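Structure first, then comments.
The values are calculated or read from the model by the stated rules, or taken from the named source; none is laboratory data. Everything numeric in this text was worked out from a predicted model, so none of it was measured. All Cβ positions, glycine included, derive from the backbone under ideal geometry; neighbour counts span all protein chains shown. Each accessible area value is taken on the protein alone, full model and side chains, heavy atoms only, with ligands, DNA and RNA left out. Shrake-Rupley method; radii C 1.70, N 1.55, O 1.52, S 1.80 Å.
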Amino acid sequence: MNETLERWSSRRAFILAVTGAAVGLGNIWRFPYMTGENGGAVFLLLYVAFVVLLGLPVMMAEILIGRAGRRSPMHSLAHLAQQAKVTPHWRWLGAFGALTVFLILSFYSVVSGWSIEFLVEAVNGDFVGLGPAEIGANFDAFLADPLRMTFNHTLFMILTMSVVAAGVANGLEKLNNLMMPLLYVLLVVLVIHAAFTDGFAPALTWLFRPDMSALSVGVVINALGHAFFTLAVGACALMAYGAYMPDHQSLPRAAGAVAILDVAVALLAGIAIFSVVFAQGMDPGEGPGLMFVTLPIAFAELPWGSLWLGLFFLLLLLATWTSSINLAEPMVATLQGFGLRRSRATAIVALGVWLAGMLSVLSFSTMAEVHWLAGMNFFELVTTVPTDVFLPIGGLLIAIFAAWVLPRDTALRALDAGPNGFRAWRALVRFVSIPLTLIVLLSGLI
Ligand code: TRP
């Protein structure tokens with residue numbers, strides 16, 4: 001396979017594309033409920049530490065490989081391995097990444113479909129005058145309705161794949177330009193509103209005052225997996241985006257900007273959501289429904305609440321859209337690398353992911369009690385194992401390839417941060433990121 005000629009139109013476009021990939025359900029939906037289930041501030045602390053020590057350096061490693069290879073993840077790895085005179089089996093890392101994003105996208109599409117449902121309900125004014133209990137019951141009724149869930153999941157797959165089919169470096173930029181700033185504005189409005197409620201002070205305590213007794217191996221592993229998930233690192237998906245990176249752009253600077261923007265969204269969403277949780281006396285460990293129940297309650301208290309709520313779900317939808325495009329890209333690029341036309345590759349991926357997603361849809365009704373592994377139904381399985389196990393393993397291998405296998409000059413050029421920047425990055429990956437990931441993964445096994 002030859003080098004791709006596709007490029008993001010500017011440095012800014014690249015940063016926006018990666019931020020669009022990073023910011024999504026991970027920040028607004030997953031971060032709050034994981035924090036709720038994992039003891040609050042301890043989880044937040046670990047997650048931020050992992051973002052800095054592992055997520056960021058490995059993100060640079062991943063993008064760097066794509067940029068140096070300028071091909072689909074599998075083909076970039078094969079090509080660079082050949083250059084470095086090591087085994088071509090490294091390409092299987094690209095296939096492993098494709099499997100990981102396949103599983104993640106299958107549930108991601110289903111949950112994004114929930115935003116479509118809530119967007120419509122909000123605009124219809126369905127939440128007007130409802131109390132917390134009724135809002136919760138409404139959500140449960142929706143989950144128990146496989147037809148409505150299938151409809152939304154299908155719609156979301158169509159949205160995603162229509163952009164992917166057109167080629168991501170073109171379709172994505174305008175979407176990002178519009179959505180990202182609006183999302184921040186709306187989250188800030190929510191946090192300001194929260195500051196005037198009774199839940200605000202306990203929410204801050206919960207998020208920022210660590211209770212060390214909540215610490216356990218499980219919490220550490222969840223924080224590790226979440227750090228990779230939220231940055232979109234570990235599945236070769238950013239590698240695919242790196243292939244389209246412009247020639248003159250410092251990678252550490254771009255990655256640093258993305259990480260800051262990404263963590264900011266999680267913190268804002270967390271403060272807004274936990275303020276409602278504590279004001280209403282709800283359980284922080286309520287699970288995946290947390291955001292979908294708390295936010296309608298919060299917005300209901302605002303003037304023009306339905307309008308704000310609708311706008312929020314619209315922005316969430318746009319945010320998940322740009323993330324799912326990123327999730328689909330490595331699979332499509334890989335099939336394309338094997339000679340398929342882009343449209344056909346997209347259709348195959350879409351069908352496969354849609355089918356797997358149906359297993360998640362049914363996990364809330366007919367297949368709720370079908371256990372696949374360790375007592376987990378399909379939805380529980382795909383929302384944990386690929387994130388907590390596959391992403392760290394993928395990230396580890398990506399880091400080893402970039403920092404130990406790639407020839408120095410190739411990596412130095414692709415990082416584009418000068419010799420000192422390069423040395424600092426490589427030392428961090430070699431002596432901090434790789435050992436730390438290994439330790440956490442192994443402690444999980446035991
Ligand atoms: N980071 C996205 C989120 O937080 C999800 C995501 C997009 C992702 N691309 C990815 C996760 C690649 C893992 C790998 O919602």
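Numbers at a glance
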| quantity | calculated |
| --- | --- |
| Calculated FRET value between ILE446 and TRP304, using beta carbons and R₀ = 56 Å, to 0.05 | 0.55 |
| Quarter of the Cα convex hull surface for region 100-139, i.e. its orientation-mean projected area (nm²) | 3.2 |
| Sum of -39500 (n - 2.57) over DSSP H runs of 4+, divided by residues of the chain (222 nm, nearest 500) | -23500 deg cm²/dmol |
| Distance between region 34-92 and region 306-343 - C-alpha centres, whole angstrom | 20 |
| Principal axis dimensions, region 145-221 - Cα atoms, whole angstrom, descending | 49, 32, 31 |
| Cα gyration tensor of region 168-280 - equivalent ellipsoid semi-axes, whole Å, descending | 32, 21, 11 |
| Low-density loop cleavage sites - GluC sites (Glu not before Pro) in region 1-72, where at most 14 other Cβ are within 10 Å (DSSP) | GLU3, GLU6 |
| Histogram of C-alpha separations across region 270-408, 10 Å bin width, % | 9, 22, 32, 24, 10, 2 |
| 1.4 Å probe accessible area per residue over the chain, in Å² | 38 |
| Cα-centre dipole for region 177-310 with unit charges at Cβ (Lys and Arg positive, Asp and Glu negative), debye to 20 | 240 |
| Taking the convex hull of Cα positions in region 1-95, its mean projected area over all directions (nm²) | 8.0 |
| Per residue, the convex hull volume that the Cα atoms of region 321-396 enclose (Å³) | 113 |
| Region 41-149: trypsin sites (Lys or Arg not before Pro) in DSSP coil with no more than 10 other Cβ atoms inside 10 Å | LYS85 |
| Region 370-446, accessible surface, carbon-and-sulfur percent (1.4 angstrom probe) | 71 |
| Theoretical FRET efficiency, 1/(1+(r/R0)^6), r = Cβ-Cβ of LEU436 and ALA141, R0 30 Å, to 0.05 | 0.10 |
| Kyte-Doolittle at least 0.5, axis length at least 18 Å by Cα - qualifying DSSP helices, the chain | 56-69, 91-123, 146-166, 168-195, 217-231, 251-279, 305-337, 342-362 |
| Charged-residue dipole, Cβ positions (Lys, Arg, Asp, Glu), the chain about Cα centre, Debye nearest 20 | 2120 |
| Cα pair distances of region 225-269 binned at 10 Å [whole percent] | 23, 53, 22, 2 |
| Dipole magnitude of region 282-411 about its Cα centre (Cβ charges: Lys, Arg +1; Asp, Glu -1), debye to nearest 20 | 720 |
| Rg over Rh [alpha-carbon atoms, Kirkwood Rh] for region 1-51 | 1.22 |
| Estimated FRET transfer efficiency (LEU182, PHE208; beta-carbon r; R0 25 Å; 0.05) | 0.40 |
| Ellipsoid semi-axes in whole angstrom, largest first, where each is sqrt(5λ) of the Cα gyration tensor of the chain | 35, 24, 21 |
